Amino acid sequence: MYSDKVLDHFRNPRNMGEIPDADGVGTVGNPVCGDLMTIYIKVKDNRLADIKFKTFGCGAAIATSSMITELAKGKTLDEAMKITRGDVADNLGGLPPVKMHCSNLAADGLHAAIQDYLKKKGA
Amino acid sequence: MTRRVYMDYAAGKPVAPEVLEVMMPYLTDKCGNPSSPHSWGNEARKAMEEARAKIVSLVAAKKPEEIFFTSGGTESNNIAIKGVAFRNKDRGTHIVATNAEHMSVMNPCKSLLKQGFTVTFVPVDKSGIVNLQALESAVTDKTTLVSIGYANGEIGTIQPIREIAEIVHREGASLHMDAVAAAGQVPINVQDENIDLMSVSSNDMYGPRGIGALYVKTGTRIEPIIQGGGQERGLRSGTENIPAMVGMGKAAEIAKAEMKTEGERLSQLRDKLVKRVLESVPASFLNGHPTQRLPNNASLRFSYIEGESLILSLDMVGIACSSGSACTSKTLEPSHILLAIGLKHEEAHGSLLFTLGKQNTKEDVDYVVSALPDIVKRLRAISPLTPKEMLS
């Protein structure tokens with residue numbers, strides 16, 4: 001059902017954890033639906049210096065969270081805002097169709113974290 | 001090599017070697033059609049009736065004419081529900097079921113709604129037992145059929161059959177029981193327990209897939225929903241699947257003979273599994289009734305994590321089981337059965353169903369118990385819902 005890449009990220013998630021003094025935090029999903037994801041970012045010189053995640057959900061939800069941290073780390077905020085759900089799925093070697101919508105939340109989580117950072121900075 | 005432990009017997013069972021052996025001649029040389037008047041036909045007819053007699057014996061039906069072979073549990077449930085509803089339309093158009101039935105009961109009932117019938121889904125309590133007061137007020141003289149699972153395949157709860165039958169018959173309705181999960185595991189006597197129709201499946205007794213049966217008590221008003229050449233006394237047309245019938249018959253015979261010893265063996269293994277998991281994993285719970293349950297069923301749940309990721313993790317160490325999580329369903333909704341017993345969505349997502357079977361040993365239970373705590377711990381470390389104090 002899942003690609004080897006998905007299973008690899010599920011088995012060994014990259015950048016799992018929290019950043020206590022994060023510059024931005026984005027939470028998307030809902031435990032009622034079975035997927036909840038929090039992305040923490042640290043920003044330095046307009047780049048994502050560090051990124052971590054915590055996820056409640058299925059294999060796909062955990063793997064996409066892990067993948068987004070790999071894709072986003074070191075990118076400028078503009079570049080990171082352009083990462084899409086499709087990019088995450090493609091880099092994982094595809095996701096089962098049913099998971100494309102429900103569990104592929106990681107890009108939304110990343111964008112929410114960046115928006116949180118921008119909002120805090122603007123305030 | 002990783003140990004491999006299959007504890008997903010409710011999802012699929014291996015065909016017993018003795019079953020395969022008796023089927024083989026009917027898959028190869030003994031190809032007759034029981035409708036044929038020649039000796040090949042006679043041979044097939046004889047095999048079919050011998051198989052039927054074994055189902056009669058398993059469920060304690062009064063006579064062979066009360067057992068109809070079908071393609072499996074789903075078809076048996078469809079024939080029972082729609083067949084009785086349609087046949088008795090002149091008497092009433094009200095059907096009753098519980099809100100925790102198998103999909104092959106829920107969906108036929110829902111399809112009747114679209115055809116002008118009314119359906120009352122009676123609630124079950126938090127252990128999965130039907131609310132008898134609610135059942136009593138739901139059943140009226142316009143009710144023609146009440147369909148309730150003998151035992152719930154997902155949470156294992158066994159219903160108080162006699163009390164249910166008494167309520168149902170008081171108003172003259174027929175009682176259908178989906179016994180797919182129960183038949184072969186617990187003793188059933190359709191006469192003593194006053195059941196009018198009952199669905200059973202072959203694979204759930206280590207028989208081949210694609211075959212099941214429906215018990216219909218003599219005198220029950222029912223009409224066919226599949227029409228054709230009039231096989232199975234007109235209730236279920238279609239050329240008889242002789243090898244599968246022979247296999248199911250053998251499976252029923254073995255199940256009956258081994259029921260007591262195997263039931264006790266599985267109960268003990270299951271109790272050990274449940275006890276040790278609940279002891280070793282914090283915030284873990286047993287779903288369903290603590291004692292009124294199928295011997296092989298251990299329906300568990302773990303807070304703060306999701307079932308599919310549990311299944312994947314267990315699969316990586318060679319363990320197979322199921323979950324009622326949305327991610328393992330086709331509907332993206334958690335199991336309606338877990339919601340029916342009052343679990344919140346997030347609780348239902350964290351469910352894990354172990355169903356034990358013939359090949360399982362004490363060592364299998366030891367292995368699962370040794371693997372599970374670390375897996376739960378790892379997933380909880382990833383989950384944002386886990387309370388901080390649980391992680392330290």
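The values are calculated or read from the model by the stated rules, or taken from the named source; none is laboratory data. Fair warning: this is a prediction, and the values are worked out from it, not measured in the lab. Don't worry about glycine lacking a Cβ; one is built from the backbone with ideal geometry, like all the others, and counts go over all protein chains shown.
Can A:THR64 be described as facing chain B (nearest Cβ under 8 Å) and within 14 Å of the chain's Cα centre (by Cα)?
Details: facing chain B (nearest Cβ under 8 Å): no; within 14 Å of the chain's Cα centre (by Cα): yes.
Taking the combined requirement at face value, the residue does not satisfy it.
Being aromatic (Phe, Trp, Tyr) and within 12 Å of chain A (Cβ to nearest Cβ) is a condition met by no residue of the range B:347-354.
One residue is enough: does the range B:247-258 have a residue meeting the conditions in contact with a strand residue (DSSP E or B) (Cβ under 9 Å, 6 or more places away or on another chain) and surrounded by fewer than 20 Cβ atoms within 10 Å (Cβ to Cβ)? Give the steps one after another, and end with the answer.
First, pick out the residues of the range B:247-258 that are in contact with a strand residue (DSSP E or B) (Cβ under 9 Å, 6 or more places away or on another chain): B:248, B:252, B:255.
Still in the running and surrounded by fewer than 20 Cβ atoms within 10 Å (Cβ to Cβ): none.
No, because not a single residue in the range B:247-258 is in contact with a strand residue (DSSP E or B) (Cβ under 9 Å, 6 or more places away or on another chain) and surrounded by fewer than 20 Cβ atoms within 10 Å (Cβ to Cβ).
Mind telling me which of the residues B:ARG236, B:ARG265 ends up being among the basic types (Lys, Arg) and assigned by TED's automatic domain parsing to the domain that holds B:GLU363?
Values: B:ARG236 fails: assigned by TED's automatic domain parsing to the domain that holds B:GLU363.
Being among the basic types (Lys, Arg) and assigned by TED's automatic domain parsing to the domain that holds B:GLU363 holds for just one of B:ARG236, B:ARG265, which is B:ARG265.
Count of the range B:196-218 residues, restricted to those that are β-branched (Val, Ile, Thr) and either outside the structural domain of B:LYS54 (by TED's automatic domain parsing) or more than 21 Å from B:LYS13 (Cα to Cα) (or both), is 2. Per the conditions (1) surrounded by 24 or more Cβ atoms within 10 Å (Cβ to Cβ); (2) farther than 19 Å from B:VAL369 by Cβ, the sole criterion not satisfied by B:GLN292 is (1). Restricting to the range A:15-26, and then to whatever is farther than 19 Å from B:GLU306 by Cα and either under 12 Å from the mean Cα position of the chain (by Cα) or more than 14 Å from chain B (Cβ to nearest Cβ) (or both), can you tell me which residue is surrounded by the fewest Cβ atoms within 10 Å (Cβ to Cβ)? Step by step, filter the range A:15-26, then rank; the result is A:ASP21.
Out of (1) among the small types (Gly, Ala, Ser); (2) touching a helix residue (DSSP H, G or I) at 6+ places or on another chain (Cβ under 7 Å); (3) under 18 Å from B:MET205 (Cβ atoms), what's the single condition that is false for B:ALA60? Only one criterion is unmet by B:ALA60, namely (2). Among the residues of the range A:27-56 satisfying the criterion of being small (Gly, Ala, Ser) and within 14 Å of chain B (Cβ to nearest Cβ), which is surrounded by the fewest Cβ atoms within 10 Å (Cβ to Cβ)? Filtering the range A:27-56 for residues that are small (Gly, Ala, Ser) and within 14 Å of chain B (Cβ to nearest Cβ), the one surrounded by the fewest Cβ atoms within 10 Å (Cβ to Cβ) comes out as A:GLY29. So for the range A:67-75 (the condition being within 30 Å of B:LYS344 (Cα to Cα) and out of contact with any helix residue (DSSP H, G or I) (no Cβ under 8 Å at 6 or more places or on another chain)), does at least one residue qualify? No, the range A:67-75 contains no residue that is within 30 Å of B:LYS344 (Cα to Cα) and out of contact with any helix residue (DSSP H, G or I) (no Cβ under 8 Å at 6 or more places or on another chain).
Does A:LYS73 satisfy the criteria of being in contact (Cβ under 8 Å) with a residue 24 or more places away in the chain and within 13 Å of chain B (Cβ to nearest Cβ)? No, not satisfied.
Given the structure, is B:SER174 without any contact (Cβ under 8 Å) to a residue 40 or more places away in the chain, polar (S, T, N, Q) and either assigned by TED's automatic domain parsing to the domain that holds B:LEU58 or more than 22 Å from B:GLY72 (Cβ to Cβ) (or both)? Spell out the reasoning first.
On the way: without any contact (Cβ under 8 Å) to a residue 40 or more places away in the chain: no; polar (S, T, N, Q): yes; either assigned by TED's automatic domain parsing to the domain that holds B:LEU58 or more than 22 Å from B:GLY72 (Cβ to Cβ) (or both): yes.
No.
Looking only at the range B:195-232, count every residue that is charged (D, E, K, R) and either touching a Pro at 6+ places or on another chain (Cβ under 8 Å) or under 30 Å from B:MET7 (Cβ atoms) (or both) and tell me the total.
The initial filter retains those residues of the range B:195-232 that are charged (D, E, K, R), namely B:196, B:204, B:209, B:217, B:221, B:223, B:232.
Keeping just the survivors that are either touching a Pro at 6+ places or on another chain (Cβ under 8 Å) or under 30 Å from B:MET7 (Cβ atoms) (or both) gives B:204, B:209.
Number satisfying all stated conditions: 2.
Selection of the range B:160-184 for residues being buried (at least 23 other Cβ atoms within 10 Å of the Cβ), over 12 Å from B:ALA252 (Cβ atoms) and not aliphatic (A, V, I, L, M) yields B:SER174, B:HIS176, B:ASP178.
The single condition among (1) surrounded by fewer than 20 Cβ atoms within 10 Å (Cβ to Cβ); (2) among the hydroxyl-bearing types (Ser, Thr, Tyr); (3) free of Cβ contacts under 8 Å to residues at least 40 places away in the same chain that B:TYR367 does not satisfy is (3).
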